[in-house]
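Trainee: The structure under discussion is supplied below as structure tokens; questions concerning it will follow.
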Amino acid sequence: MSLKHLHRKLRNTDLPSEEFDPISAFESFETPVISNIIPPDRYTEPKEDYSDIITKVEAKKPQLASALKKLNLYQQQAVFSEDQKLLLSAMVGSGKTTVLTHKVLYLHFIKGIPLSQMAVLTFTNKAAREIKERILSFYENSTPPNSDELRYFGTFHSVARQLIKEHPKLQELGFTPDFSIMDQEAKEDFLQRLIVSHELDVKYRNKLDKRLKLYRNEKQIIYGNMKNPDDLVQLLNISRKEKQANNLMDFDDLISVINWLLKLKKTFIPEWIIVDEFQDCNQEQIELIQNLSDDQNHFFAVGDPNQSIYAWRGSTNVIFQNYIEDQSFVIMRLPLNYRTSGQLLNAASCLLQQNNDALQATRDQGKKLIIRNHFDDHQEAYYYVQKFKEVHQKGTPWTEIAVLFRTRQQIAIFESVFQLEGIPCEVVSKTKLREQAALFWLQNILLSGLHPNDMDSILRVFTSTDFGCLKAGKKLLSAYSKFTEGKEFASKLEAFSCFLSEKYKKHAEYIDLCQRLMGLADYLQSRKRDVNLYQYLSLDFFLKPTSINYQDDVADIKNALNELDHYTSKNYFGDWLEIYRAALSQVSLEGHFQINSGIQTETKGVRLLTIHAAKGLEFDHVYLSGANSGIIPLERKKAGYDHLKEEKRLLFVALTRAKNHMEISWHTKSSAWNAQDGPSYFLNSIPSALVEKVDTAPAKNSAIETTQKVESNDDSKWKVGTKVKHPKYGTGEIKSCNEQDVVCDFGKFGEKSFASAWAPLVKI
């Protein structure tokens, strides 16, 4: 099966039924007979010894040979393989980044493949930087590769941007190579401005991005309670023209535009395409890989179907199944886990949708998985205060402790309690640039000067509540539109400068700023490496020296400008003005000004983060909070079987973040939206021999006593014929019971089986 055929199959994948019973669905896929099991005969097993290859490597590159000797046989097999199409099924904690990096080094230093002939595609800037840094560390005293050689190493979006810039057919789409990139928030501002300025009737504006994706994929206009179409299609047409006129693209455009261009003319066919986290690819990314491929080049993908947790971004673990069915692809594996202790890994493995030997522990057995009942999140937070102090006193650094949550809404109470009780903590999330007022304003200043038709950036400079002089809104847009009607200007920036000069003469400093922005490109070209943008733009005036935030704002902006200077000097090739534009594009792609190669290390304290944010991280002590049914799995209306399977994979990801200690909590009285009584029924998959159950809920509370009875190991609490009540199925009668299971008949819902220790039943 070719990548092109795979792309077609993904588009034609059947959608799940919208109506189903989640608990029954869970029971239906509890058995190990799952459609995406990788048959053992599909794996190509490693040789017993690769010393002959390592000896040859040692003659050419001793440092690389020394590193390759440390790899296990599975890892060496993947690095040395010369198969044209290879999928590496890399289990959690098996060293996939190490293998991917050594693959690149082996191909380059030993096989002579130029780095410029490799497309190395990742999903995060952090992963891209880590791969580049590891590669550069192997150059010892020799001259390292420049940024031109590594220009196809990066995220899908950054590589797409580079390919778009270089494509000779770009202008046929109405863009030029110096286009600017809108992040998600800028895209929302852009669309909202068009709705206001063109007086469009668009419903559900707070869900506009979702509506646009539905229309793009399924041509769906009617949404929610709408009975008639609105102006969504008109908005799309206007936005397309506006993007071309302003030379703007958003993140989604980057992939779709390069796919369109490469279908017109393939300008770059790398000798090797190497993809990290392949299970996270969506349809358009698969299409990009296809458009970079031909019958001669090689394809090497690393991924783990058990960590496919981004269906909401369009990814699907069907990708792996299609490769397994394609006999032209070689399937290898990395089954050895170096992260998690034995018993915790065995518990996590019970959640796998793979064959039993897919994940193998290399460490000692360690501690059991702890499942702890708390009364509510407040009690749990104060339990953690005491627990973390004890753990820290015994030598565990704060940064080796993490509390995971299914939703961001669960985090706030823990952050408040920890701060109150003196536990250093950090909520790990992607900080949006617009949340840092001075840096967001600086970004828009530079975008306005380097992309003078970027109307939204221009407006954000002069309507900033902290640093601007005008009030944003329909009145301003209307006045500007009337002023420019029938007039011709070289750019939107020039038009706005004339508008300010005529309508707002009292704001002389801002009129001067407009003039300096219009001359920014010439300034950068003339000064080149001797650039002082802070002084040239007279930023001190706008940062208001009397402001309480003045010192911090000045420091933040100067640090950001230093980052830009460092990036431009290190990545300089070609036109000097273009590299400044490239630096700003990198800021947009990464979402911050720390755009140089150094990997930022977080050292503030205990990490509080969602399971999604924890993917790829590891900690000595991990605590999963509030794992009630309804939260894990997260109950969603009209979700299907695939949603439940992904939620189970999400729990697997949570458990495998821990190296030595893992606790899962559930609440008797949960404050989380949609939470149900009792722990996640996914935990029924884990044998009791691997679990230690603990109840820390207060003893003197009738509601809690009921829960404690439920958790008791005394099987006398359940008797055949007893009437019970379930929060979902209502009144029922116990038909059979033993130490492991309770079977109840709920009439129209039929018989349901529950784990005796966790059955969410109350005697009537």
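The values are calculated or read from the model by the stated rules, or taken from the named source; none is laboratory data. Source: prediction; values computed, not measured. Cβ atoms come from the backbone with ideal geometry, glycine included; neighbour counts cover every protein chain shown. SASA here: full protein model, heavy atoms, side chains in, ligands and nucleic acids out. Shrake-Rupley method; radii C 1.70, N 1.55, O 1.52, S 1.80 Å.
Trainee: Kindly work out what percent of the DSSP beta bridges joining two residues of the chain are antiparallel, to the nearest 5.
Mentor: 25
Trainee: On to the next question. Among rounded, prolate and oblate, which fits the range 423-484 when a ≥ b ≥ c are the square roots of the eigenvalues of its C-alpha gyration tensor, a/c under 1.5 means rounded, and a/b larger than b/c means prolate?
Mentor: prolate
Trainee: A further question follows. When averaged across all projection directions, what area in nm² does the alpha-carbon convex hull of the range 351-505 cover?
Mentor: Directional mean of the projected Cα hull area for the range 351-505 stands at 17.9 nm².
Trainee: Still on this structure, please answer the following. How compact and how long is the range 116-263, expressed as Rg and Dmax of its alpha-carbon atoms in Å?
Mentor: 19.2, 69
Trainee: Let me ask something else. Quick one: if the Förster radius is 30 Å, what FRET efficiency do Thr407 and Thr465 give, using the C-beta to C-beta distance and rounding to 0.05?
Mentor: After rounding to 0.05, the efficiency reads 0.50.
Trainee: Is the C-alpha gyration tensor of the range 224-289 telling us rounded, prolate or oblate? Criteria: a/c under 1.5 is rounded; beyond that, a/b larger than b/c is prolate, otherwise oblate.
Mentor: oblate
Trainee: I'd like the accessible area for Arg406, computed on protein heavy atoms only with a 1.4 Å probe and all protein chains in place. Round to 10 Å², please.
Mentor: Accessible area, nearest 10 Å²: 20 Å².
Trainee: So, with +1 on the Cβ of K and R and -1 on the Cβ of D and E, and no other charges, what is the size of the charge dipole of the range 722-763 about its Cα centre, to the nearest 20 debye?
Mentor: Charge dipole of the range 722-763: 240 debye, to the nearest 20.
Trainee: How much accessible area does Ile423 have with a 1.4 Å probe, in Å² rounded to the nearest 10?
Mentor: 10
Trainee: Leaving out ligands and nucleic acids, and using a 1.4 Å probe, what accessible area per residue does the chain come to in Å²?
Mentor: Ligands and nucleic acids excluded, the figure is 45 Å² per residue.
Trainee: Let me ask something else about it. Can you give the Rg to Rh ratio of the range 722-763, both from alpha-carbon atoms, with Rh computed by the Kirkwood formula?
Mentor: Computed over Cα atoms, the ratio is 0.91.
Trainee: Under a point spin-label approximation (7 Å from Cα along Cα-to-Cβ), what is the Val691-Lys69 distance to one decimal in nm?
Mentor: 4.7
Trainee: OK, next. Computed on alpha carbon atoms, what radius of gyration and Dmax characterise the range 644-683, expressed in Å?
Mentor: That works out to 11.7, 31 Å for Rg and Dmax.
Trainee: To continue, here is another question. For the chain, what is the calculated [θ] at 222 nm in deg cm²/dmol (nearest 500), taking -39500 (n - 2.57) for each run of four or more DSSP H residues and dividing by its residue count?
Mentor: Rounded to the nearest 500, the figure is -12500 deg cm²/dmol.
Trainee: Follow-up question, since we're still on this one. Would you work out what percent of the accessible area of the range 434-548, with all protein chains in place, is carbon or sulfur (probe 1.4 Å)?
Mentor: The computed percentage sits at 49.
Trainee: Between Arg205 and Ser501, what is the label-point separation in nm under the 7 Å Cα-to-beta-carbon projection?
Mentor: The modelled label-to-label distance comes out at 3.3 nm.
Trainee: Taking the Cα centre as origin and putting +1 on Lys and Arg beta-carbons and -1 on Asp and Glu beta-carbons, what dipole magnitude results for the range 180-246, to the nearest 20 debye?
Mentor: 280
Trainee: For q values of 0.05, 0.08, 0.10 Å⁻¹, compute log₁₀ I(q)/I(0) with the Debye formula on a Cα-only model of the chain, without solvent.
Mentor: Treating every Cα as an identical point scatterer, log10 I(q)/I(0) equals -0.30, -0.79, -1.19.
Trainee: So, one more: Using a 1.4 angstrom probe with every protein chain in place, what is the largest-first accessible-area order of Phe268, Phe388?
Mentor: Sorted descending by solvent-accessible area, the residues read Phe268, Phe388.
Trainee: Once Lys and Arg get +1 and Asp and Glu get -1 on their Cβ, which of Ile164, Thr340, Ser457 lies farthest toward the positive end of the dipole of the chain?
Mentor: Value computed over the given set: Ser457.
Trainee: Have a look at the range 180-246 and give its Rg and Dmax from the Cα atoms, expressed in angstrom.
Mentor: 11.7, 38
Trainee: With all protein chains present and a 1.4 Å probe, how do Val57, Val531, Val318 order by accessible area, largest first?
Mentor: Descending accessible area places them as Val318, Val531, Val57.
Trainee: Moving on to the next point. Ranked from the most accessible area to the least, with a 1.4 Å probe and all protein chains present, what is the order of Ser197, Ser671, Ser349?
Mentor: Ser671, Ser197, Ser349
Trainee: Give, rounded to the nearest 20 debye, the magnitude of the charge dipole that the chain has about its Cα centre when Lys and Arg contribute +1 at Cβ and Asp and Glu contribute -1 at Cβ.
Mentor: For the chain, the charge dipole is close to 840 debye.
Trainee: At q = 0.22, 0.24 Å⁻¹, what base-10 log of I(q)/I(0) does the Debye formula yield for the range 43-100 when every alpha carbon is treated as an equal point scatterer in vacuo?
Mentor: -0.93, -1.07
Trainee: Please compute the contact order of the range 180-246 in relative form: average sequence separation of alpha-carbon pairs under 8 Å and at least six residues apart, divided by the residue count, as a percent.
Mentor: 32
Trainee: Considering the dipole of the range 263-413 built from charges on the beta carbon (Lys and Arg +1, Asp and Glu -1) around the Cα centre, which of Phe388, Tyr323, Asn282 is farthest to its positive end?
Mentor: Of the candidates, Phe388 comes out farthest on the positive side.
Trainee: Out of Ala521, Ala301, Ile238, whose Cα points farthest toward the positive end of the dipole of the chain (charges: +1 Lys, Arg; -1 Asp, Glu; placed on Cβ)?
Mentor: Positive-end residue among those listed: Ile238.
Trainee: Roughly to the nearest percent, how much of the accessible area of the range 180-246 is carbon and sulfur, given a 1.4 Å probe?
Mentor: 46
Trainee: Carbon and sulfur atoms: what percent of the 1.4 Å accessible area of the range 618-661 do they account for?
Mentor: Carbon and sulfur atoms account for 43 percent of the accessible area of the range 618-661.
Trainee: Taking a temperature of 4 °C and a viscosity of 1.567 mPa s, what whole-number D in µm²/s does Stokes-Einstein yield for the range 434-548 with Rh from Kirkwood over alpha carbon pairs?
Mentor: Answer, rounded: 88 µm²/s.
Trainee: Moving on. Once fully extended, how much extra length lies between Gln419 and Asn562, figured as 0.36 nm per residue of separation less the alpha-carbon to alpha-carbon distance?
Mentor: 48.2 nm
Trainee: Now a separate question. Would you kindly find the accessible area of Lys263, with a 1.4 Å probe and non-protein molecules such as ligands, DNA and RNA excluded, rounding to the nearest 10 Å²?
Mentor: Probe radius 1.4 Å; accessible area of Lys263 about 130 Å².
Trainee: Relative contact order (percent) for the chain, with alpha-carbon contacts under 8 angstrom and 6 or more residues of separation?
Mentor: Worked out over the chain, it gives 17 percent.
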